[in-house]
Structure formats: C-alpha cells, structure tokens
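K.L.:
First, the structure itself, so that you have it in front of you.
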Amino acid sequence: ESGSADIDLDPSTPCQPCEVGHFSPPGSINCTSCGAGEADTDVNPATPCHPCAAGSFAAAGSIGCEPCVGGTVDLDAAPATVCDVCVPGTYSEEGATSCTDCESGSADLDSNPATECVACAVGKYSGSGATSCDTCAAGRADADSDPSTPCVLCEAGHYAAAGATSCVLCPSGEMDDD
C-alpha cells in the first residue's frame, strides 16, 4: 500500500510505514526521502512530495517549503539550494528571487539587507545601491533639494558651505579666490 514499504524484503512480515518527509508508492521496498527542493507538505507518505516554489528552500526530507527570509533571495530560482544573502546597498523582502538596489537618494545605512533603504536628507546625495548619504562638499550645493541628483558646482563669484542647498553670491567687496 502507498506510504509503506517492504523494507526487510520478507513477504511474511507486514510492510513498514514510511516516516513523514518520505514517499512510497504501492509495492515499494523502500521509503524515498523527499528530495531537496520538494516537501511532504501534507505530511502523508502515501502521496508524492510537492515541489517548492522559487523564493523558497527545502532540504531533503522536509515537510515544508521555507520562504527565503527578508535580506536573502533565491537567486538561482532553485528551491533545492539555500537562499543567498543580499549585498550591502540592496534589500529584499521574504520570498524574493532578486535583491533590490537602494534607489538614488536613499541608502542602506544599517547595512542590513532585511530592512528597506532610508531616504537621504536634503544637502546630501547618494547614487543607486549606496550604503551612505554623502554631504554636498563645500563649493557644491544640492540646488534642487533632491538627494537623488548630484550636487552642483557653484559658479565663480559664488560659494556654498558643506551641505548647502544653494550657492550664495559673494557680497560686495569680497571674492571667491578658489
């Protein structure tokens, strides 16, 4: 019968029930473990193991498919392999198959790929996949107050302190000599 096997190959003894996480069709002489990437989701050795979906993982003999936790992904879309950790500057939600880069104007400030990226403040800049927000240097300004666009160089006769959002005209009687 399904779910049991003639493990001792002795026709005078009853078939032995298979353990959960295994499968056995009628007439079997052994119980077959669910392979990596599949699981005995109904906990019934009489029914075939079920394949797990991409974005999850199952070791051989599993009774459930475990989704990749936030910060990890199923890069090869093969539930038989363990989930991979996203690199700093990226993040992922549970069950993801790819890491998402932090958008320009935000950064992975805690270097934790399980948490979303944080928006940079005005007067700072970050490109895609950043792990920090860079303050606009002296002589440059965040002229559009948009941390996703690079800081702009002030024109001659103007100046800006670090982190400024505009370039200021030098007052009469003063000059910008750099």
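K.L.:
Can you tell me which of 137, 130 is over 19 Å from residue 86 (Cβ atoms) and small (Gly, Ala, Ser)?
P.N.:
Details: 130 fails: over 19 Å from residue 86 (Cβ atoms).
Answer to the check: 137.
K.L.:
Can I ask one more? Please indicate, with yes or no, whether at least one residue in region 38-50 is surrounded by fewer than 16 Cβ atoms within 10 Å (Cβ to Cβ) and among the aliphatic types (A, V, I, L, M).
P.N.:
Checked against the condition, which is being surrounded by fewer than 16 Cβ atoms within 10 Å (Cβ to Cβ) and among the aliphatic types (A, V, I, L, M), region 38-50 yields at least one hit.
K.L.:
For region 66-87, indicate whether the set of residues that are acidic (Asp, Glu), in a loop (DSSP other than H, G, I, E, B), more than 11 Å from the chain's Cα centre (by Cα) and modelled with pLDDT of 95 or more is non-empty. Break it down stepwise before answering.
P.N.:
In the first step, residues of region 66-87 are kept if they are acidic (Asp, Glu); the result is 66, 74, 76, 84.
Filter once more, keeping what is in a loop (DSSP other than H, G, I, E, B): 74, 76.
Filter once more, keeping what is more than 11 Å from the chain's Cα centre (by Cα): 76.
Imposing the further condition that a residue be modelled with pLDDT of 95 or more reduces the set to none.
No, because not a single residue in region 66-87 is acidic (Asp, Glu), in a loop (DSSP other than H, G, I, E, B), more than 11 Å from the chain's Cα centre (by Cα) and modelled with pLDDT of 95 or more.
K.L.:
Take the residues in region 1-24 that are under 38 Å from the mean Cα position of the chain (by Cα) and of a type outside the set (Asp, Glu), then tell me which one is most open to solvent (accessible area, probe 1.4 Å). Working first, answer last.
P.N.:
As a first pass, look at region 1-24 and keep what is under 38 Å from the mean Cα position of the chain (by Cα): 3, 18-24.
Narrowing the set further to residues that are of a type outside the set (Asp, Glu) leaves 3, 18, 20-24.
Details: 3: 10, 18: 14, 20: 68, 21: 0, 22: 42, 23: 48, 24: 0 Å².
For region 1-24, the residue satisfying everything is 20.
K.L.:
Can you name the number of the only condition in (1) in contact with an Asp or Glu (Cβ under 7 Å, 6 or more places away or on another chain); (2) modelled with pLDDT of 95 or more; (3) on the phi < 0 side of the Ramachandran plot that residue 105 fails?
P.N.:
(3)
K.L.:
Same structure, new question: For region 27-37, which positions are part of a loop (DSSP other than H, G, I, E, B) and either open to solvent by less than 30 Å² (accessible area, probe 1.4 Å) or in contact (Cβ under 8 Å) with a residue 24 or more places away in the chain (or both)? Before the answer, list the steps.
P.N.:
Looking only at region 27-37, we keep the residues that are part of a loop (DSSP other than H, G, I, E, B), and these are 27-31, 34-37.
Answer for region 27-37, where residues must be part of a loop (DSSP other than H, G, I, E, B) and either open to solvent by less than 30 Å² (accessible area, probe 1.4 Å) or in contact (Cβ under 8 Å) with a residue 24 or more places away in the chain (or both): 28, 29, 30, 31, 34, 35, 36, 37.
K.L.:
Scan 108, 144, 76 and give me the residue that is under 30 Å from residue 33 (Cα atoms) and either without any contact (Cβ under 8 Å) to a residue 12 or more places away in the chain or open to solvent by less than 20 Å² (accessible area, probe 1.4 Å) (or both).
P.N.:
On the way: 108 fails: under 30 Å from residue 33 (Cα atoms); 144 fails: under 30 Å from residue 33 (Cα atoms).
Answer to the check: 76.
The values are calculated or read from the model by the stated rules, or taken from the named source; none is laboratory data. Keep in mind that what you see is a predicted model, and the values were worked out from it rather than measured. For neighbour counting, all protein chains shown are included, and Cβ atoms are generated from backbone atoms with ideal geometry for every residue, glycine included. In case anyone asks, the SASA skips ligands and DNA or RNA and just uses the protein heavy atoms, side chains included. Shrake-Rupley method; radii C 1.70, N 1.55, O 1.52, S 1.80 Å.
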